[in-house]
Amino acid sequence: MKTYTKLMLMLALFVFGAVQHAYAQEEDPIMVTFRVNTSTVADTLSGDGAIQLRGAVNGEEFDDEGYFGQNVNWGSSSIQANHVAGDYWELNLMMAPGDELTYKFRAFHDLDGDVGAGFNDGWEADADGGGNYVFTVPENATEDITTEVLYFAGLNAPRQAPFEPSEEGMRAVHFRVDVGARVATSQYDPENEEHVVGVRGDYNPETGRIAYKFVIDTPAGIQWEDGADKEFFLPAADSTLRWGYFNNEVPPSGEVITADVEFRANVGLLEALGYFNRGIGDQVAVPGAFNSWDSSTPMTFDEGEDIWRSNFELTREVGSPVPFKYFIIWDESRFDETSENYIPNLVADNGWEEPGSFGGGDRIHEFAGSEVQVADGDFGSDVAFFNSLPEQALITEDGAGSTTYPVTFEVDMTEALSAEVPFNPETSGVYLVVETPIFALTQGIPTGTDALEIPDVRDRLTFTRVGDSNNYELTLDLDLPTENHFGFVIAYEDADGVFVTNGGGFDAGRRYYRYVEPEAVFDNLTIWPAGGYTLDPITWVEEDLDFPEPPTYGIGDDERPVLFSDHPLDGFQTTFPLTREVQPDNANHFYSGTIYLSTDPTSIGGPGNSELPREITLKQNYPNPFNPTTNINFSLPEQADIRLDVFNVLGQRVATLANGTYNAGTHTVQFDASRLSSGVYLYRLQSGSFVTQKSMMLVK
C-alpha cells in the first residue's frame, strides 16, 4: 500500500510539473537577445562558421522544438546565432520570467562536420569560479531583454573584452591579423624582437574615416599589404574589427621551398625615346613584396644580353603569387634644367611602370617548385619589357608616314548621368586625363587632373559632344615618336567646377587602357594604319575600368596572370605594434591591439559595429557583362525593409531578387537570366522613399 501511495504521489508531482511548465509557456514570453563578439576566438572563425548556444533551461534539455518552439540542449541540434557583421553575432531565445539558462557558446568552422574553432574544440572557457555560465530572466520581467556584448570566453579569459574600455571623448578600435603565412615562408620570425607586426594608417576626425594597412616591420624594411587601403568609419562605441589574413595570405597547406629567383628587364623603348641612358647614370630597380617594395636599389646590367638582372632568395609555397614591378631610377641630371640631360615634366617618384597588360596593377610571378627560377616576363619569354612595351610598340615617323599621328578617343557618358556626382551635359565638359607617365612625357602633358589647370593643355584634352547624344569624341594629334599604349581616365566638372574622375586605386581596373594596333611588324620597323587610328570605344563607369589584351607585336602571346596590386600607405610615421596572442597548435599566428581615437571635434554617429555601412548603397553587378548569372551587392546601415527588382528597357519587371526585412550589413544576391534575351537591364533597390538603380548587360 505504501508503495502504491508513493507511486501515485510521484505521478501527481510529475503531472503538476508538466502543467506548471505548460502554464509558463502560455504566459507572455520574454525575447532575450544574446549579443556575442568572437574576436577572442583563437582561430580563423569567419561569418561562414557558426556560433551555437548549448545548455539547458531549469536543468532540462529540449529537443524537437520543445521549449517555446526552440531546441535548447547540449547537443548539435541546439539553437545557433546569426552572423551580423565582423565579429558580431546575435541569438534570440524566448524565455519565461524566472527561467534559468545554464549554457556555454561553442564556435565552429563547420557545424555539419562538428569541427570546433580555437582551443577546447570550440567550447568557451569556464566561467569565473569554474563551470558553465548562467542567465536568469527576472521574475518580474515584462519587456524583451538584450544582453551587453558577450565576448566569447577565450583561453584563461572568461567573457573578457580584448581591450580596456575607452575614456570619455575617446573610442577603442581593436585590430587583429593572422600572419601565419609569413611565418611559414620565413618572411617573419615571431621570436625575433626586431620583427614587429603592426598597423599604419590615417584618421580624419572631421569625417570619422580611418584608412589603414597591416605591416610587418623588420630591419630589412617594412612589408606592406598589397592593394587598396582598408577603411572604416569611427564607430559609435568601442568596437573590434574582424580579423584578416595579412595580405590575404592563408597559411600554406602545400609544399614550401626556398628558391633563387632571377628578374630580367629590358628598357629598349625608353632608350629609343631618349628617356633612359645608362651612360649618364639612369638605372632600373625591381621593387616587390619580397624586398619591401624597395625602389632605390639598382639591378645589375648584363651587357651581353642587354638586360637588367637581380636575384633574390625567396621561401614560398609552391604556386603562390609573387607581386612586383620595375622602376626607373633616373639620374639627378634629368631634373636639372641647366643640364643637357634634363627631361621636362619628369617627376622623380614617377618611375613606376604602368603595364596595360596588367591593368596598371602588379606583375605576378607564380612561384614554382624548382630551386632556381626566372620571374615571368612578357610575350611568353623570361624577359619583361618596361610597361610590357618592346621597341616595336613605338609609333615613329617612318612607321606612320607622317610627322604627327591622329588618334581618336570615343566615350559614352550615359552611365555618368546617374553617378553619385551626376554629369550634366548642358553645363559640364568632358576631359581626357592622362595617367601613363611615359606617354605623357612624349606629348608634354602632365599626368593627372593638374594638366586641366593649364588652359592650352585643357583645350587639347577636351572632348566634343556628338550632336545631342551622350557620346563624345576627342582626336589627339600625337607628336612622334610616342608609344602606342594609353592609360587614362575620364573627368567632368560638378556643379562647383570641381573635376570628378572615374577609376582610381592601385588594382587592375584603376584606369582605361587602349592601344593602336600595328598593321605589320618588321625587325626594325613597325607599320601603323595610315591616316590615324580610332581606339576601341569607352563606356563611362565609376570603377573597374576595362583594359583589353595588348598587341603581341609579332613577338609571341601574352597571357595575363592573376592580378594583384601595390603601393604602400603613407600614414602614421611609426608602426603601432600589435601583441602576439597565445597560439593554438596550428598554422595560425594572431597579433592584435587596440588604438584609441579621439571623437572630437566631430560627433560621430552610426552603428556600434564599425564594419557596418553608414548609408544604403547599391554596387555594380559582377561580372558585367554576364551570361547567364551575375551577383548584385547592396549594403544597409541598419535593419530595413527593402525590395530589389530587375526591369527590361521597356520598364517591365522581369524579376524580384529580394523583398523583405534585411539586417544591417552587406548582402549578395544572384540573378539568373538564363530565360531572358541579350540586352540591357536595370536593377533597382528601394527602401521606403529611398530608391537607387544601376544598369547591367546580358550577352549570350
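Worth pointing out:
- Rounded to the nearest 20 debye, the dipole size of the stretch 617-698 about its Cα centre is 180 debye, using +1 on the Cβ of Lys and Arg and -1 on the Cβ of Asp and Glu.
- Farthest positive-ward along the chain dipole, Cα basis, beta-carbon charges - from Ile343, Ser695, Val669: Val669
- Dipole-positive endmost among Ile328, Ala491, Thr300 within the chain (Cβ charges, Cα centre): Ala491
- Within the stretch 397-539, the ratio Rg/Rh, alpha carbon atoms throughout and Rh by Kirkwood, equals 0.98.
- Length, then width, then depth: along the principal axes, the Cα atoms of the stretch 617-698 run 36, 23, 17 Å.
- Seen against the Cα atoms of the chain and their longest principal axis, helix 2-26 is set at about 40 degrees.
- Average Cα contact separation per residue, the stretch 46-88, under 8 Å, 6 or more apart, as relative contact order %: 42
- Summarising the amide proton neighbourhood of Gly665: residues at separation of 5 or more, or on other chains, whose placed amide H is nearer than 5 Å comprise Leu636, Glu638.
- Amide H contacts of Tyr245 (H built 1.01 Å from N, in plane; Pro and chain starts excluded): Asp178 sit under 5 Å, all sequence-distant by 5 or more or on other chains.
- If you plug the beta carbon distance of Asp114 and Glu206 into 1/(1 + (r/R0)^6) with R0 = 41 Å, you get a FRET efficiency near 0.25.
- Unit charges at the beta carbon, dipole of the chain: most positive-side option, Ala236, Ala157, Trp123: Trp123
- For the stretch 256-390: relative contact order, % (alpha-carbon pairs under 8 angstrom, 6 or more apart): 34
- Residues in the stretch 424-435 carry Karplus couplings, in order, of 10, x, 7, 10, 10, x, 10, 9, 8, 10, 6, 10 Hz; the curve used is 6.51 cos²θ - 1.76 cosθ + 1.60 with θ = phi - 60°, and Gly or Pro positions show x.
- Ellipticity estimate at 222 nm from DSSP helix runs (n ≥ 4, -39,500 (n - 2.57)) divided over the chain, nearest 500: -2000 deg cm²/dmol
- Segment Asn132-Asn659, extension gain: residue separation times 0.36 nm, minus the distance between their alpha carbons: 185.6 nm
- FRET efficiency for Val256 and Tyr622, using Cβ-Cβ distance with R0 set to 56 Å, rounded to 0.05: 0.95
- Listed values [x] 40.9; [y] 46.6; [z] 38.5 include one computed from this model; for mean projected area of the Cα convex hull in nm² that value carries the label [x].
- Note, ³J(HN,Hα) from phi for the stretch 77-89, Karplus 6.51, -1.76, 1.60, rounded to Hz, x at Gly and Pro: 8, 5, 4, 10, 8, 9, 6, 8, 5, x, 8, 9, 9
- Rounded to the nearest 20 debye, the dipole magnitude of the stretch 397-539 is 100 debye, with +1 charges on Lys and Arg beta carbons, -1 on Asp and Glu beta carbons, and the Cα centre as origin.
- Pairwise label distance in nanometres, Ser677 with Glu193, each label 7 Å out on the Cα-Cβ vector: 7.5
- Hydrodynamic radius by Kirkwood, which averages 1/r over all alpha carbon pairs of the stretch 177-226, in angstrom: 12.1
- Size check on the stretch 256-390: the Cα extents along the three principal axes, sorted descending, read 53, 32, 27 Å.
Readers should treat all values here as calculations from the given coordinates under stated rules, not as data from a laboratory. The model shown is predicted, which means the values in this text are computed figures rather than measured ones. Quick reminder, even Gly has a Cβ in these numbers, built from the backbone with ideal geometry, and neighbours come from all protein chains shown.
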